[in-house]
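A.B. asks: Below you will find the structure I want to go over with you.
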Amino acid sequence: MKSTFDKNAEKFVNLMVEKIESLSMNWQKPWFSKVNSKQNFLPQNLTGRTYSGGNAFLLYFLCEKYNYQTPVFLTFNQARNEGINVLKGAVAFPVYYTLFCAYHRQTNEKISYDEYNKLSEEEQKEYRLAAYTKYFQVFNLDQTNFAEKYPNRWDILKAKFSGEEQPQEEKEMYVNPVQTVSSDSAFYSISNDSITLPLKSQFKDGESFYGTELHEMGHSTGVKNRLNRKGFYENDKFNYGREELVAELISALSGVYLGISVTVREENAAYLKSWCKAIKEEPKFLFTVLADAIKGSKFIAQHLNIRLDVEEVEEEKNTKVA
């Protein structure tokens, strides 16, 4: 019998693998479609609070797969509280959050993660951290009778999420030094903490240029004095491929924040199927990659002065969803 993790992880993995396989067949296809690559198309609940963590990526992919008209989701209980009916046959999708707590090494006394963070470094050594994941099943508004029940609210939401936004191609994207030279390669130099890109005129369009820049900026977030990403300094094939996947996802999500539709780096197309293999064999690999990608994209957004308003989503009983 499958555990709760296995049942939900299977849905996460299947969705991610399906997306990656579609890109492996056509690397010129964007991670997020033009429809979803708008700054306002952020997966959120009915109150407008946006999902964070890996949930943001997965719900983006879900919206694209089913062509949902809005990125608004809610639980069955939330729908019931709003007087909304979930349509017959609608299938929910899980969102998850990780709850941390600490136990005293001698007495086994349990304290909250907030209490643990208030302790001094020496006091924290007396505790061991524990984490577990909880899940909530959510439905998109398209899977409910919301439009029929609240036609005015529905029209407002549709207008909000269908509005076209111009990509901010002229935004100065400066996290570390960037130089452009006439060449056919783009790279981040750890030793110089700098990014080198081909000339903008060498790219087919502005989005391709900025997508490549965001990819290299994604790499630059992994260094020790920034996010100190696990495996960043390892030279083996697995960690290299993992870092490329993280950078791809950082670029994709950062592109959404900037209104840029980002495609897969051509040289990374060959890695796509190996990523699928790793995700299928160890679903927890997916969670760690998504977590690193979110941290990297938030770091970039912060340094580009982009206000994300990404908050943890409060569910019933003040529980927070990551």
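The values are calculated or read from the model by the stated rules, or taken from the named source; none is laboratory data. Predicted, not measured: the structure shown is a model, and the values here were computed from it. All Cβ positions, even for glycine, are placed from backbone atoms using ideal geometry, and neighbour counts span all protein chains on display. Just the protein is used for accessible areas: all its heavy atoms, side chains included, with ligands, DNA and RNA removed. Shrake-Rupley method; radii C 1.70, N 1.55, O 1.52, S 1.80 Å.
A.B. asks: Given the pairs LYS200/LYS230; LYS204/LYS277; LYS134/LYS295; LYS11/LYS273, which are separated by over 25 angstrom at their Cα positions?
C.D. replies: Beyond 25 Å: LYS200/LYS230; LYS204/LYS277.
A.B. asks: Give the accessible surface of the chain per residue, rounded to a whole number of Å², with probe radius 1.4 Å and ligands, DNA and RNA excluded.
C.D. replies: 52
A.B. asks: Given the peptides 106-115, 293-302, arrange them by the average over their residues of other C-beta atoms within 10 Å, most packed first.
C.D. replies: Highest mean packing first, the order is 293-302, 106-115.
A.B. asks: Hey, in the GNM for the chain with a 10 angstrom Cα cutoff, which one of GLY259, GLY89, GLY241 fluctuates hardest?
C.D. replies: Among GLY259, GLY89, GLY241, the largest GNM mean-square fluctuation belongs to GLY89.
A.B. asks: Where is the GNM fluctuation largest for the chain (alpha-carbon springs, 10 angstrom cutoff): GLU21, GLU243, GLU121?
C.D. replies: Among GLU21, GLU243, GLU121, the largest mean-square fluctuation in the Gaussian network model of the chain belongs to GLU121.
A.B. asks: Per the helix-only calculation at 222 nm, which mean residue ellipticity applies to the chain, given -39500 (n - 2.57) for every DSSP H run of n ≥ 4 and division by its residues, nearest 500 deg cm²/dmol?
C.D. replies: -13000 deg cm²/dmol
A.B. asks: Return the single residue from GLY222, GLY231, GLY255 with maximal mean-square fluctuation; model: Gaussian network over the chain, springs between Cα atoms under 10 Å.
C.D. replies: For the chain, modelled as a Gaussian network with Cα springs under 10 Å, the answer is GLY231.
A.B. asks: Still on this model: Quote to one decimal, in nm, the extra length available between GLU10 and LYS158 on full extension: 0.36 nm per residue of separation minus the C-alpha distance between them.
C.D. replies: 50.2 nm
A.B. asks: I would also like to ask the following. What's the extension gain from GLU18 to ASN85 if we count 0.36 nm per residue and subtract their Cα-Cα distance?
C.D. replies: The span from GLU18 to ASN85 would gain 21.2 nm if fully extended.
A.B. asks: Please say if region 64-166 is rounded, prolate or oblate, where rounded means a/c under 1.5 for a ≥ b ≥ c the square roots of the C-alpha gyration tensor eigenvalues, and otherwise the choice is prolate for a/b larger than b/c and oblate otherwise?
C.D. replies: It comes out prolate by the Cα gyration axes.
A.B. asks: What ranking do 246-252, 122-128, 205-211 get when scored by the average of other Cβ atoms within 10 Å per residue, highest first?
C.D. replies: By packing density, highest mean first, the sequence is 246-252, 205-211, 122-128.
A.B. asks: What Kirkwood radius, in Å to one decimal, follows from the Cα pairs of the chain?
C.D. replies: Kirkwood hydrodynamic radius for the chain: 21.2 Å.
A.B. asks: Rounded, prolate or oblate: which fits region 141-300 when a ≥ b ≥ c are the square roots of the eigenvalues of the alpha-carbon gyration tensor, with rounded for a/c under 1.5 and prolate only if a/b beats b/c?
C.D. replies: Cα axes put region 141-300 in the oblate bin.
A.B. asks: Compute the length gained on full extension between THR98 and ASN67: take 0.36 nm times their separation in residues and subtract their Cα-Cα distance, giving the result in nm to one decimal.
C.D. replies: 8.3 nm
A.B. asks: For the chain, which whole-number percentage of the solvent-accessible area (1.4 Å probe, protein heavy atoms only) is attributable to carbon and sulfur atoms?
C.D. replies: 48
A.B. asks: Rounded, prolate or oblate for region 183-260? Axes are the square roots of the Cα gyration tensor eigenvalues, ordered a ≥ b ≥ c, and the cut-off for rounded is a/c under 1.5.
C.D. replies: Here region 183-260 falls in the prolate category.
A.B. asks: Right, something else. Count the net charge of all other residues whose Cβ sits under 15 Å from the Cβ of THR144, scoring Lys and Arg as +1 and Asp and Glu as -1.
C.D. replies: Residues near THR144 contribute +2 overall.
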